[in-house]
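Visitor: Can you read through this structure? Questions will come right after.
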Amino acid sequence: MNQLFFTFFYFLSSSSSNKFSIGSSLADNSEYISCAENGGNVVSHVFCLPNSYRKDVLPPTGGKPLPVFFKLPVSEISEIDDHKSIVTIRLSYKLQWPEQRMVVNQSADWGKEDDINISPDNIEHIWTPDVIIHDLVSFNKPEILNQVGALEIFKNKKVYYKVRSDITIVCKAMEFGQFPLDNHKCYLMLTSFGYDSLHMNLAGKFSYQKENQRTLSFNVDIQKLPEYKTVFTGSSSNYSVYGFEIRLTRSLGPFILSIYLPSAMFVMMSWVSFFVPPDIVPARIVLLVTLCLVLINMFNFTTARIPVSNAVTAMEVWLLACMLLVFLSLVEYTIILRKSVKHNRSIEKRKKEAALLKASCQQSSTTFLLQVEDDHGVGNNQVSEMLTMECRKRGKKAKQKQKCQLKAEANLNLFKINLDRGATYLFPFMFLCFNCIYWTVYLVIMPRYQKDHLMEQEEAN
């Protein structure tokens, strides 16, 4: 009997508690019911927007800036077009903000985190932040059957919108004076178009995993925005900015294998000409002219694919220096040829003079004999002796000329040997000095100068 009494009492008490909970839930949801009954805009039976709701008015925040929070998980930098100075970023574009004017349905099927996922098309019913992306080229949202996005409503009256996107922006900081030793900094900057920092504050977080990055011609790193970039100064007020900095460093390996090493080898091949005997003219000329033409062709092929730059690029400086060194090797051999041509012309001139002298000697001998006989009336023996003395004098002059010719030829050969020997040491030394200066300037001095310039810019801002 007692057991039946306690069972009946428990049933009455449980029934009264259920009624109380139902009544309290109805009381908590009365605002939503009232909004719906008064003609409010009910969205997916999750929240109701009152008749007084204005989509073009900023949600009330009690005099404080409206907090807009971004989550930007970056999948990868999908494309870098340095000829157009644009970068394409693949990421999930997520932002969250409070909307206290909506009336949520307390009896809806809320999740563990007090949120409900509804169709992203419902975003058109509510106010959205007028966020713009600086230097935006395109904002593409992929679609399969529907738009790849989501809209979440939180029980504490917060809106969370997210969409998969490919964002293409202009990278204004791209300068190619150091190509291919260049590095760049690009910025994804988000800010409000109409609300300054007194009415809207942007904040957030981003993530980037390098292992998900596909292979590009640049090494990519993503860092937070520098402090001076977090505020955009307008004509009359300041605007809150959120985003991140994309650091691009060009991969040097392909250029070393395709440009630097081959051109350096061509320069060193030109030094082989110093060991070829100068008298073998076709061998040296063909070698040096061929190397010059190859380097000119490489220069034209490379510069046609270099991004547009306002200054001479590091690649052009390298190729021009290689062309100059090979050209100087050709100039060195030209000096030898010029010297040889002068020597050969002097030999031909002396041969002609010797032939004329021999002919004149025979003629003058007869003339000399007749003149001696007429003037002195001497005998044949005396005439013969005088003629012999005259021939000896002329023979001595001929021998002296021959010695001068041999000496000139020896001097020419010595000049050729010394010039080639000096060039053998001078040209490698010049190329070594150029390499030391080139790599020091572009790998040490220029990056340090850019860093100092950036620090000065940050201090100025």
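Visitor: Quick check on segment 310-345: of everything there that is β-branched (V, I, T) and over 30 Å from L406 (Cα atoms), which residue is farthest from the chain's Cα centre (by Cα)?
Guide: Among them, the one singled out is V326.
Visitor: Take V42 and tell me if it is assigned to a strand (DSSP E or B), touching a strand residue (DSSP E or B) at 6+ places or on another chain (Cβ under 9 Å) and surrounded by fewer than 18 Cβ atoms within 10 Å (Cβ to Cβ).
Guide: Details: assigned to a strand (DSSP E or B): yes; touching a strand residue (DSSP E or B) at 6+ places or on another chain (Cβ under 9 Å): yes; surrounded by fewer than 18 Cβ atoms within 10 Å (Cβ to Cβ): yes.
Yes.
Visitor: How many of the residues in segment 308-335 are of a type outside the set (S, T, Y) and either free of Cβ contacts under 8 Å to residues at least 12 places away in the same chain or in contact with a strand residue (DSSP E or B) (Cβ under 9 Å, 6 or more places away or on another chain) (or both)?
Guide: 2
Visitor: Can you confirm whether S258 is under 21 Å from the mean Cα position of the chain (by Cα) and either among the β-branched types (V, I, T) or surrounded by fewer than 14 Cβ atoms within 10 Å (Cβ to Cβ) (or both)?
Guide: Considered against the rule, which asks whether it is under 21 Å from the mean Cα position of the chain (by Cα) and either among the β-branched types (V, I, T) or surrounded by fewer than 14 Cβ atoms within 10 Å (Cβ to Cβ) (or both), S258 comes out as yes.
Visitor: So which strands (runs of 3 or more DSSP E) stay within segment 211-314 end to end and still have 1 or more residues that are among the small types (G, A, S), outside the structural domain of N435 (by TED's automatic domain parsing) and under 30 Å from S192 (Cα atoms)?
Guide: Where strands (runs of 3 or more DSSP E) fall fully within segment 211-314 and carry at least 1 residues being among the small types (G, A, S), outside the structural domain of N435 (by TED's automatic domain parsing) and under 30 Å from S192 (Cα atoms), they are 238-250.
Visitor: Just name the residue that is farthest from the chain's Cα centre (by Cα) out of those in segment 61-97 that are more than 17 Å from V148 (Cα to Cα) and among the basic types (K, R). Break it down into steps so the answer makes sense when it comes.
Guide: First, the residues of segment 61-97 that are more than 17 Å from V148 (Cα to Cα): 61-70, 76-88, 96-97.
Still in the running and among the basic types (K, R): 64, 84.
Working: K64: 43, K84: 12 Å.
Filtering segment 61-97 for residues that are more than 17 Å from V148 (Cα to Cα) and among the basic types (K, R), the one farthest from the chain's Cα centre (by Cα) comes out as K64.
Visitor: Moving to a separate point now. Does segment 156-169 contain any residue that is closer than 29 Å to V104 by Cα, assigned to a loop (DSSP other than H, G, I, E, B) and in the same structural domain as M102 (by TED's automatic domain parsing)?
Guide: There is at least one residue in segment 156-169 that is closer than 29 Å to V104 by Cα, assigned to a loop (DSSP other than H, G, I, E, B) and in the same structural domain as M102 (by TED's automatic domain parsing).
Visitor: Among what's in segment 78-134 and is aromatic (F, W, Y) and not in a strand (DSSP E or B), pick the residue that is surrounded by the most Cβ atoms within 10 Å (Cβ to Cβ). Spell out the reasoning first.
Guide: Filtering segment 78-134 down to residues aromatic (F, W, Y) leaves 93, 97, 110, 127.
Filter again for not in a strand (DSSP E or B), leaving 110, 127.
Working: W110: 16, W127: 20.
Checking each candidate, the answer is W127.
Visitor: Give G204, G194 a once-over and let me know the one that is under 28 Å from E152 (Cα atoms), touching an Asp or Glu at 6+ places or on another chain (Cβ under 7 Å) and either of a type outside the set (F, W, Y) or outside the structural domain of D135 (by TED's automatic domain parsing) (or both).
Guide: None of the other options fit; the residue is G194.
Visitor: All but one of (1) surrounded by 20 or more Cβ atoms within 10 Å (Cβ to Cβ); (2) in a loop (DSSP other than H, G, I, E, B) hold for K172; state the number of the condition that does not hold.
Guide: It is condition (1) that K172 fails.
Visitor: I want to confirm something. Restricting to segment 159-169 and keeping residues that are in contact with an Asp or Glu (Cβ under 7 Å, 6 or more places away or on another chain) and surrounded by 18 or more Cβ atoms within 10 Å (Cβ to Cβ), which single residue is nearest to P120 (Cα to Cα)?
Guide: So the residue we want is V159.
Visitor: Now for a different question. Restricting the search to segment 420-450, which residues are basic (K, R) and over 16 Å from G177 (Cα atoms)?
Guide: R421
Visitor: Give segment 231-247 a look and list any residue that's over 16 Å from P65 (Cα atoms) and small (G, A, S), or say none.
Guide: G234, S235, S236, G243
The values are calculated or read from the model by the stated rules, or taken from the named source; none is laboratory data. This structure is a prediction, so every number in the text was calculated from the model and none was measured. When we count neighbours, we look across all protein chains shown, and the Cβ atoms used for this are built from the backbone with ideal geometry, even at glycine.
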